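Chemist: Could you have a look at this structure, given as structure tokens, before my questions?
No lab work stands behind these numbers, since they all come straight from the coordinates. Keep in mind it's a predicted model, so treat the numbers as computed, not measured. Don't worry about glycine lacking a Cβ; one is built from the backbone with ideal geometry, like all the others, and counts go over all protein chains shown.
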Amino acid sequence: MGLFYPYREMMDSDPSSARDATHGGPRSLSPIQNDISVLEGFADAGYLSDPHKGRSQTGYVFTMGKTAISWRSTKQTLVATSSNHAEIIALHEAVRECIWLRSIVTHVRNNCGLKSTTDEPTSIYEDNAACIEQMKQGYIKGDNTKHISPKFFYNQQQQKLLKIKVNQVRSEDNVADLFTKSLPKSTFEKHVARIGLRKLSKLP
């Protein structure tokens, strides 16, 4: 169980998210709770979070046993020409992380003599309806998509291989919003609780 200073984690990539993170001061990750075998992720994009450079924000978080084990907030290196394109890029980053995490989980379980759970696809939750539909249909339409097509088809391939399953989540329930945008205090507190972050003053 380690300390988490969200301001330091986020300041370089998204100052608005960093300001949110100061609500309540430093926090600590709770010990992994039940459902320890369940790995799941949330992905989101903040479109044009840096309007001066035309860059959007990628945010994702993965939990296991209701506790965050991996998260990231970073500016996208490609210029997304729509919010949908930004979501595809963010999902791609989350999928890559997911594949790596699955390999780590398999390695640990095999070396500890535990039953592997990575035969089942890992759920990644996304709130962009167009992105969800594109993953179902297997293609993207429109001009100026060459720069994101490889990322989309990588996502699609991993879903076909049953490594991941992209599911839709309501925008207000997407905890990856923590890493892409400024949030009201009540929403911030709800999301950090869902990924197992607790105020130090609330820990036993």
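Chemist: Which of the peptides 155-162, 170-177 is most tightly packed, and how do the rest follow, going by the mean number of other Cβ atoms within 10 Å of each residue?
Modeler: Packing proxy ranking, top to bottom: 170-177, 155-162.
Chemist: Continuing with the same structure: Using +1 on the beta carbon of Lys and Arg, -1 on that of Asp and Glu, and nothing else charged, what's the dipole of segment 73-119 about the Cα centre, debye to 20?
Modeler: Its charge dipole is roughly 180 debye.
Chemist: To continue, here is another question. Using mean Cβ contacts within 10 Å as the protection proxy, how do 72-81, 184-193 order, highest first?
Modeler: In descending order of packing, they fall as 72-81, 184-193.
Chemist: For the pairs 66/202; 75/165; 66/199, flag any whose C-alpha to C-alpha distance is greater than 21 Å.
Modeler: In this structure, 75/165 exceed 21 Å between Cα atoms.
Chemist: How many angstrom lie between the Cα centre of segment 145-193 and the Cα centre of segment 122-142?
Modeler: 10 Å
Chemist: Once amide H atoms are placed 1.01 Å from N in the peptide plane, what residues at a sequence separation of 5 or more from residue 67, or on another chain, have their amide H within under 5 Å of its amide H?
Modeler: Here the answer is 33, since their amide H atoms fall under 5 Å of that of residue 67.
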